[in-house]
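The values are calculated or read from the model by the stated rules, or taken from the named source; none is laboratory data. Source: prediction; values computed, not measured. All Cβ positions, even for glycine, are placed from backbone atoms using ideal geometry, and neighbour counts span all protein chains on display. Calculation scope for accessible area: heavy atoms of the full protein, side chains included, ligands and nucleic acids excluded. Shrake-Rupley method; radii C 1.70, N 1.55, O 1.52, S 1.80 Å.
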Amino acid sequence: SEMSSFYTERALDWIRSQPLDWIALLGRKLALALNAVELVDTEDQYTWSEYSWTLWLTGQVFHFGVLAPLACLGVFVTWPAWRRIWPLYALTGVYLASLLLFYIFARYRLPIVPIAILLASSGIVGARELVRTRPRQVVAAAAGCTLGTAVLSNWPLLDPDYMRSVTHYNLGNELVEAGNEDLGVEHYEQAIALHADNAVANHNLGVILARNGKLGLAIRRFREALRIEPDYAEAHFNLARVLVDTYEPDQ
């Protein structure tokens, strides 16, 4: 509770002192919450889709960038029945607000998906009736909202290869810890190939190279990690150890 209070107070101090930056941050988090890309936590769905054609196919044709605009259309289609289904709107709004106050991960966004599917289904089924029976202003608003959401959801904010890099890095860590160092190195290298600015993958690969006596290669990896993150203390320390071992104590 003391840690929670400490960081809560720091966050509130920042919000009070920089309200415009906070609003901009909320806007970015809203864009991330509605974006087609599934934001990685410790592992991502794009890596696993390499092993599952079902996951790959659904990720191509029915991702959040398709679901979100159809759900927006569904709100307009279902609005005449809002008194009966308002809890669906309320659940979506309240849960989305809780995401914006904290942070966005794909798995944290998942509880919105079942409700969005209900609304999207209504949008698909009722679109024709909406155009045929509702006032032009409502039809125009529905079309504008759906199109705007589609653009926002599919805007390239995030790189799926970065998500895959994180997963391969974490796989490398687990394999090295389990004693399978060779396969772990392969995943570190894959992580770097996918996202060259993965500082921790470069560092951990350097640690293994140093442990196996490949000091020149290790130095290159540590220096690459420090190029990406100049304040990476552990990389500075391990680079210093290798430099001492290569008789370059001044460096």
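When the chain is treated as a GNM, springs tying every alpha-carbon pair under 10 Å, which of R83, R136, R211 comes out with the largest mean-square fluctuation?
R83
Which is farthest toward the positive dipole end of the chain among L194, L183, A68, measuring Cα position about the Cα centre, with Cβ charges +1 (Lys, Arg) and -1 (Asp, Glu)?
The residue sitting farthest along the positive end of the dipole is A68.
For the ranges 179-185, 237-243, what's the packing order if you count other beta-carbon atoms within 10 Å of each residue, average per peptide, and put the highest first?
So the order, starting with the most tightly packed, is 237-243, 179-185.
Using only the alpha carbons of segment 1-51, what is the convex hull's orientation-averaged projected area in square nanometres?
Over all viewing directions, segment 1-51 projects a mean Cα-hull area of 5.2 nm².
Determine the per residue accessible area of segment 56-165 with all protein chains present and a 1.4 angstrom probe, expressed in square angstrom.
Heavy-atom accessible area per residue stands at 61 Å².
From the phi angles alone, apply the Karplus equation (6.51, -1.76, 1.60; θ = phi - 60°) to segment 234-239 and give each ³J(HN,Hα) in whole Hz, x where the residue is Gly or Pro.
Values, residue by residue: 5, 5, 4, 5, 5, 5 Hz.
I want to verify the translational diffusion coefficient of segment 168-226 in µm²/s; compute it with Stokes-Einstein, Rh as the Kirkwood radius over Cα pairs, at 10 °C and 1.306 mPa s.
Reported coefficient: 146 µm²/s.
Compute, for the chain, the length of the dipole vector about the Cα centre, with Cβ point charges of +1 (Lys, Arg) and -1 (Asp, Glu) only. Units Debye, rounded to 20.
1740 debye
Sorting check: for 223-233, 14-24, 197-207, which peptide has the highest mean count of neighbouring beta carbons within 10 Å, and how do the rest follow?
197-207, 223-233, 14-24
When only alpha-carbon atoms count, how far does segment 58-124 stretch along each of its three principal axes, as whole angstroms with the largest first?
33, 29, 14
Compute the helix-to-body angle for 64-78: its Cα long axis versus the longest principal axis of the chain, expressed 0 to 90° and rounded to tens.
Compared with the principal axis, the helix lies near 20 degrees.
Hey, got the Cα dimensions of the chain along the principal axes, in Å, largest first?
Principal extents (largest minus smallest coordinate, Cα): 82, 48, 30 Å.
If you take the beta carbon distance between L110 and E234 as r and set R0 to 25 Å, what does 1/(1 + (r/R0)^6) give as a FRET efficiency, to the nearest 0.05?
E between L110 and E234, to the nearest 0.05, is 0.15.
222 nm [θ] for the chain, helices only, -39500 (n - 2.57) per DSSP H run of 4+, per residue, to 500?
About -25500 deg cm²/dmol.
Hey, any idea what % of the chain's accessible area is carbon plus sulfur with a 1.4 Å probe? Present the calculation step by step, with values, prior to reporting the outcome.
On the way: 9730 of 15560 Å².
With neighbouring chains kept in place, the figure for the chain is 63 percent.
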